[in-house]
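Heads up: the structure comes next, in structure tokens.
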Amino acid sequence: MALPTSHLHILLALAEEDRHGYSIMRETEVLTDGEVKLGPGALYAALGKLSDQGLIEETEERPVPELDDSRRRYYRITDAGRAALGVELQRLQKVVDRAGKVDLGWSPT
């Protein structure tokens, strides 16, 4: 089953490093050149679902404790999350490969 767009981008952001919510929102905007913007409500709803599914987990570890705000909650991707991300990326690659074989009347730039 396909991952919702927000879940895909959250897992991609966490695949690189553990992050807090605001960092996930910023990284998603960077990864998508500003095309996907996660507001706090959507972000934390998605984080809750991903956590319930065992794809991410909250972590107590802080990347740089002396520069950190203790109110921040950090998240990390789990092994199951990496596997789900890999499956989704393979699915999307198949879509892109198939689309490349179809005359759509336009060319991606």
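The values are calculated or read from the model by the stated rules, or taken from the named source; none is laboratory data. None of the values given here were measured: they were computed from a predicted structure. Every residue, glycine as well, gets a Cβ built from its backbone with ideal geometry; the counts of neighbours run over all protein chains shown. Heavy atoms of the whole protein, side chains included, go into the accessibility calculation; ligands, DNA and RNA do not. Shrake-Rupley method; radii C 1.70, N 1.55, O 1.52, S 1.80 Å.
I'm trying to understand the selection: among the residues of segment 34-46, which are touching a helix residue (DSSP H, G or I) at 6+ places or on another chain (Cβ under 7 Å) and of a type in the set (A, V, I, L, M, F, W, C)?
Correct list: Val36, Leu38, Ala42, Leu43, Ala46.
Could you check segment 1-100 for helices (runs of 4 or more DSSP H) lying wholly inside it with 2 or more residues that are in contact with a Lys or Arg (Cβ under 7 Å, 6 or more places away or on another chain) and not hydrophobic (A, V, I, L, M, F, W, C)?
Result: 21-31.
Would you mind stating whether Leu43 is open to solvent by less than 20 Å² (accessible area, probe 1.4 Å), in contact with a Ser or Thr (Cβ under 8 Å, 6 or more places away or on another chain) and at pLDDT 95 or above?
Yes, satisfied.
Just one of the numbered conditions (1) at pLDDT below 95; (2) more than 17 Å from Met25 (Cα to Cα); (3) hydroxyl-bearing (Ser, Thr, Tyr) is not true of Thr78; which one?
Going through (1) at pLDDT below 95; (2) more than 17 Å from Met25 (Cα to Cα); (3) hydroxyl-bearing (Ser, Thr, Tyr) one by one, Thr78 breaks only (1).
Do we have any residue at all in segment 13-23 that's touching a residue at least 60 places away in the same chain (Cβ under 8 Å) and either under 11 Å from the mean Cα position of the chain (by Cα) or open to solvent by less than 50 Å² (accessible area, probe 1.4 Å) (or both)? Before the answer, list the steps.
Our first condition is that a residue be touching a residue at least 60 places away in the same chain (Cβ under 8 Å); within segment 13-23, this holds for 14-15.
Of the ones still in play, those that are also either under 11 Å from the mean Cα position of the chain (by Cα) or open to solvent by less than 50 Å² (accessible area, probe 1.4 Å) (or both) are 14-15.
The answer is yes; a qualifying residue exists.
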